[in-house]
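The values are calculated or read from the model by the stated rules, or taken from the named source; none is laboratory data. Because the structure is predicted, anything quoted here is derived from the model rather than measured. Ideal geometry is used to build each Cβ from the backbone, glycine not excepted, and the neighbour counts take in all protein chains shown.
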There are 2 protein chains.
Amino acid sequence: MAILGATGAVGTELLELLASRNFPLAELKLLASERSAGKRLNFRGESLLVEPVSDRAFDKVDIVLASAGGSTSKTWAGVAVDKGAVVIDNSSAFRMNPDVPLVVPEVNPQAAAKHKGIIANPNCTTILMSVAVWPLHQVQPIKRIVAATYQSASGAGAKAMEEVKIQTSAILQGQEPVAEVLPYPLAFNLFPHNSPLTDSGYCEEELKMVNETRKIFGNQDIRITATCVRVPVLRAHSEAINLEFDTPFSPDAAREILSQAPGVKLVENWQTNYFPMPMEASGKDEVLVGRIRQDISHPCGLELWLCGDQIRKGAALNAVQIAELLVEKNLMRPLSVVNG
Amino acid sequence: MAILGATGAVGTELLELLASRNFPLAELKLLASERSAGKRLNFRGESLLVEPVSDRAFDKVDIVLASAGGSTSKTWAGVAVDKGAVVIDNSSAFRMNPDVPLVVPEVNPQAAAKHKGIIANPNCTTILMSVAVWPLHQVQPIKRIVAATYQSASGAGAKAMEEVKIQTSAILQGQEPVAEVLPYPLAFNLFPHNSPLTDSGYCEEELKMVNETRKIFGNQDIRITATCVRVPVLRAHSEAINLEFDTPFSPDAAREILSQAPGVKLVENWQTNYFPMPMEASGKDEVLVGRIRQDISHPCGLELWLCGDQIRKGAALNAVQIAELLVEKNLMRPLSVVNG
């Protein structure tokens, strides 16, 4: 196995997960850009050298976990696939490609079997929402989703997290916050998601929630709208989700279903007003779901609230789960073909 | 005129607004609880003594701006009315009372004329949303609203703002944040609004948005659902609003209407991804509105995003505007009746 982008926030999390989940590994290669190569990272008590990515780096590699951004994936995924590897790509480069399965293991594990060398890991907000609403969709098809997100700085990378801390410290000392990584100061502030805007008026992050959810669910009929917002939280995303069904969906039934759903943890204490919070979702595998209630504006509506660690389940964990699926279902490619 | 609750966050803002708007005042009495009485506050260059609230304190007072909480309003509003004053009450105590007009001057100024001594100032998130969507509702009735809010610490008072700063500072120094004013740490975190939960699963803050909006709009048919969330912003609330009409509402038409609407400032730069932010709404009179777009999940849907200073337009400014309306339309009560 190789990790491409080993030194990034998701790369660090991948290493931790491969170790803690005892992923069966013959060898682990850490790959990064020239700039980050030469660093050493700990893995299961060993110090591993980060190598610069190159054609040769993918020799005899069965699985590549790529998390170095879209352009790196576009450059190297084909090379890795040509050498016989399966690339599990965390970027948006291949997600909407009809030849590339887009997989959330709790939702559509069967899609992974159809891969032609690349499997895409969905967008973080999309993964979190999918895990939470898919079990309900199985019981009664969702007709429409109106989502509003509360996305942490970590979604924009480790540098954005650092910037928010520096800005916060400046404001507490009565100084002006400086924004360099993110477009505007995020400390004690918030703003609509900073991904590029499209002609529809939606930003790319919002359209990912729309289009990727439909692809993952294998259902082009679900109508989805979203407003994505960056908030001054360091880690873990939150989402207010309004669901519309064809017939009423009882909150108690939804609660019962979600309390047993894979990857979901029901967090609700109505007495103490205790529901999912990013503080508690950080570092957790599960998507925390709560505040399930009958939508008082629609007889067939259901409201819910979720928080999830978007570096973990929203990125690294989902990728490792896909890799586990490949091993378990024997979906790897015959390396001999290309090494011959 | 008297301000009841002069030393609080809204009280301070009321003083500032009465001065900056040159409100016609014969006398201004500052009233507060025994605990806060004795303090001195500056007003138009004068140092005014804060008096303890009492029966006699309302003698010869024409207007009372009350912002000392529901129980104080319940105790003193009747006394002030008996003495001939009009009470503009910022608490939730009388808002849903059918004998009490609930007024947003940009929306239903005519309702103020029907007062019987008390006029209620609506909830902050409700005022902000009302100002922004009423001009659209005038052109085409709104059928349904799905709202998600991003509410700042100041909504929970000055102590909550201070607590968030202390928590933030603690976290930056690697210490555990302590929550005493708010139920959970808000620094770098967020949680569903901490108002009491009702049997419906909605918290009181959410139901205020539902019920107060209907009363202000004089329309019980609008269906409204909301998810209210506290975010680690010091001041100014934000709201993601999804509107549903009976027929399509073009975003350009909405933009044109809102660019001329009273109390609204259109803030949209699609090239630079620049839209309303709490940082810029703080201290401003207007509700900033932007990201107006056709809802891609519904042919008759419209999405918009707003930020507004909930201490200013969401509380103090709205109250002062109501007082201005009373003066302008001569809606004050004859003081002689009760002073005789």
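Considering only the range B:215-252, how many residues are under 20 Å from residue A:146 (Cβ atoms) and hydrophobic (A, V, I, L, M, F, W, C)?
Going through the range B:215-252 one residue at a time, the tally reaches 11.
Give the range A:131-176 a look and list any residue that's surrounded by fewer than 22 Cβ atoms within 10 Å (Cβ to Cβ), of a type outside the set (A, V, I, L, M, F, W, C) and closer than 18 Å to residue B:273 by Cβ, or say none.
The one that is surrounded by fewer than 22 Cβ atoms within 10 Å (Cβ to Cβ), of a type outside the set (A, V, I, L, M, F, W, C) and closer than 18 Å to residue B:273 by Cβ: A:157.
Could you list all residues from the range A:260-299 that are away from chain B (no Cβ under 12 Å) and among the acidic types (Asp, Glu)?
A:285, A:286
Quick one: count up the residues across the range B:195-216 that are in contact with a Phe, Trp or Tyr (Cβ under 7 Å, 6 or more places away or on another chain) and closer than 15 Å to residue B:123 by Cα.
Step one: filter the range B:195-216 for residues in contact with a Phe, Trp or Tyr (Cβ under 7 Å, 6 or more places away or on another chain), giving B:197.
From what is left, the residues that are closer than 15 Å to residue B:123 by Cα are none.
Looking only at that region, the number is 0.
Look at residue A:182 and say whether it is more than 14 Å from chain B (Cβ to nearest Cβ), in contact with a strand residue (DSSP E or B) (Cβ under 9 Å, 6 or more places away or on another chain) and not polar (S, T, N, Q). It would help to see each step written out before you state the result.
Numbers: more than 14 Å from chain B (Cβ to nearest Cβ): no; in contact with a strand residue (DSSP E or B) (Cβ under 9 Å, 6 or more places away or on another chain): yes; not polar (S, T, N, Q): yes.
No.
So which residues in the range A:124-154 are more than 15 Å from residue A:230 (Cα to Cα), of a type outside the set (Val, Ile, Thr) and more than 11 Å from every other protein chain (Cβ to nearest Cβ), if there are any at all?
The answer is A:128, A:129, A:130, A:132, A:134, A:135, A:136, A:137, A:138, A:140, A:141.
Is it the case that some residue within the range B:85-100 is hydroxyl-bearing (Ser, Thr, Tyr), without any contact (Cβ under 8 Å) to a residue 60 or more places away in the chain and buried (at least 16 other Cβ atoms within 10 Å of the Cβ)? Step through it out loud before you land on a result.
From the range B:85-100, those hydroxyl-bearing (Ser, Thr, Tyr) are B:91-92; that's our starting set.
Imposing the further condition that a residue be without any contact (Cβ under 8 Å) to a residue 60 or more places away in the chain reduces the set to B:91.
Now drop any that are not buried (at least 16 other Cβ atoms within 10 Å of the Cβ), which leaves B:91.
Checked the range B:85-100: at least one residue is hydroxyl-bearing (Ser, Thr, Tyr), without any contact (Cβ under 8 Å) to a residue 60 or more places away in the chain and buried (at least 16 other Cβ atoms within 10 Å of the Cβ).
Against the definition (more than 19 Å from the chain's Cα centre (by Cα) and closer than 30 Å to residue B:145 by Cα), how does residue A:127 come out, yes or no? I'd like the intermediate steps shown before the answer.
On the way: more than 19 Å from the chain's Cα centre (by Cα): no; closer than 30 Å to residue B:145 by Cα: yes.
No: the conditions fail for residue A:127.
Among the residues of the range B:185-206, which ones are more than 7 Å from chain A (Cβ to nearest Cβ) and either buried (at least 20 other Cβ atoms within 10 Å of the Cβ) or over 20 Å from the mean Cα position of the chain (by Cα) (or both)?
As a first pass, look at the range B:185-206 and keep what is more than 7 Å from chain A (Cβ to nearest Cβ): B:186-187, B:193, B:195-196, B:198-199, B:203-206.
If the condition is that a residue be more than 7 Å from chain A (Cβ to nearest Cβ) and either buried (at least 20 other Cβ atoms within 10 Å of the Cβ) or over 20 Å from the mean Cα position of the chain (by Cα) (or both), then B:186, B:187, B:193, B:195, B:198, B:199, B:203, B:205, B:206 are the ones that fit.
Can you find even one residue in the range A:115-131 that is outside the structural domain of residue A:82 (by TED's automatic domain parsing) and either among the aromatic types (Phe, Trp, Tyr) or over 27 Å from residue A:65 (Cβ atoms) (or both)?
Among the residues of the range A:115-131, not one is outside the structural domain of residue A:82 (by TED's automatic domain parsing) and either among the aromatic types (Phe, Trp, Tyr) or over 27 Å from residue A:65 (Cβ atoms) (or both), which makes the answer no.
With the condition kept exactly as written, say whether any residue in the range A:38-55 is buried (at least 17 other Cβ atoms within 10 Å of the Cβ) and small (Gly, Ala, Ser).
No, every residue in the range A:38-55 fails to be buried (at least 17 other Cβ atoms within 10 Å of the Cβ) and small (Gly, Ala, Ser).
Here is a list of conditions, (1) free of Cβ contacts under 8 Å to residues at least 12 places away in the same chain; (2) of a type outside the set (D, E, K, R); (3) closer than 22 Å to residue A:91 by Cα, and residue A:227 meets all of them except one; can you say which number that is?
(1)
Please find, among A:65, A:128, the residue that is over 22 Å from residue A:328 (Cβ atoms), surrounded by 24 or more Cβ atoms within 10 Å (Cβ to Cβ) and in contact with a Leu (Cβ under 8 Å, 6 or more places away or on another chain). If you could, list the steps in order and put the result at the bottom.
On the way: A:65 fails: over 22 Å from residue A:328 (Cβ atoms).
It is A:128.
Which residue, of A:302, A:325, A:317, A:331, is over 15 Å from the mean Cα position of the chain (by Cα), closer than 28 Å to residue A:141 by Cα and away from every other protein chain (no Cβ under 14 Å)? Break it down stepwise before answering.
Details: A:302 fails: away from every other protein chain (no Cβ under 14 Å); A:317 fails: over 15 Å from the mean Cα position of the chain (by Cα); A:331 fails: closer than 28 Å to residue A:141 by Cα.
Going through A:302, A:325, A:317, A:331 in turn, the sole match is A:325.
Out of the residues in the range A:49-80 that are assigned to a strand (DSSP E or B) and touching a residue at least 40 places away in the same chain (Cβ under 8 Å), which is farthest from the chain's Cα centre (by Cα)? Give the steps one after another, and end with the answer.
Going through the range A:49-80, the residues assigned to a strand (DSSP E or B) turn out to be A:49-52, A:63-66.
Filter once more, keeping what is touching a residue at least 40 places away in the same chain (Cβ under 8 Å): A:50, A:63-66.
Numbers: A:50: 24, A:63: 19, A:64: 17, A:65: 13, A:66: 13 Å.
If we take residues in the range A:49-80 being assigned to a strand (DSSP E or B) and touching a residue at least 40 places away in the same chain (Cβ under 8 Å), then A:50 is farthest from the chain's Cα centre (by Cα).
Can you pull out every residue in the range B:299-314 that is surrounded by fewer than 24 Cβ atoms within 10 Å (Cβ to Cβ) and farther than 19 Å from residue A:149 by Cα?
Scanning the range B:299-314 gives B:299, B:300.
From the residues in the range A:229-248 that are touching a Gly at 6+ places or on another chain (Cβ under 8 Å) and hydrophobic (A, V, I, L, M, F, W, C), which one is farthest from residue B:167 (Cα to Cα)?
Selected residue: A:245.
Among the candidates B:295, B:246, B:252, B:285, single out the residue that is closer than 30 Å to residue A:214 by Cα and free of Cβ contacts under 8 Å to residues at least 40 places away in the same chain.
On the way: B:295 fails: free of Cβ contacts under 8 Å to residues at least 40 places away in the same chain; B:246 fails: free of Cβ contacts under 8 Å to residues at least 40 places away in the same chain; B:285 fails: closer than 30 Å to residue A:214 by Cα.
Result of the check over B:295, B:246, B:252, B:285: B:252.
For (1) modelled with pLDDT of 95 or more; (2) within 10 Å of another protein chain (Cβ to nearest Cβ); (3) buried (at least 18 other Cβ atoms within 10 Å of the Cβ), each residue gets a yes or a no:
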| site | (1), (2), (3) |
| --- | --- |
| B:212 | yes, no, yes |
| B:216 | yes, no, yes |
| B:220 | yes, no, no |
| B:226 | yes, yes, yes |
| B:229 | yes, yes, yes |
| B:237 | yes, no, yes |
| B:242 | yes, yes, yes |
| B:248 | yes, no, no |
| B:252 | yes, no, no |
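Condition check: farther than 24 Å from residue B:313 by Cα, more than 9 Å from chain A (Cβ to nearest Cβ) and more than 21 Å from the chain's Cα centre (by Cα). Does residue B:173 satisfy that? Spell out the reasoning first.
On the way: farther than 24 Å from residue B:313 by Cα: yes; more than 9 Å from chain A (Cβ to nearest Cβ): yes; more than 21 Å from the chain's Cα centre (by Cα): yes.
So residue B:173 passes the test.
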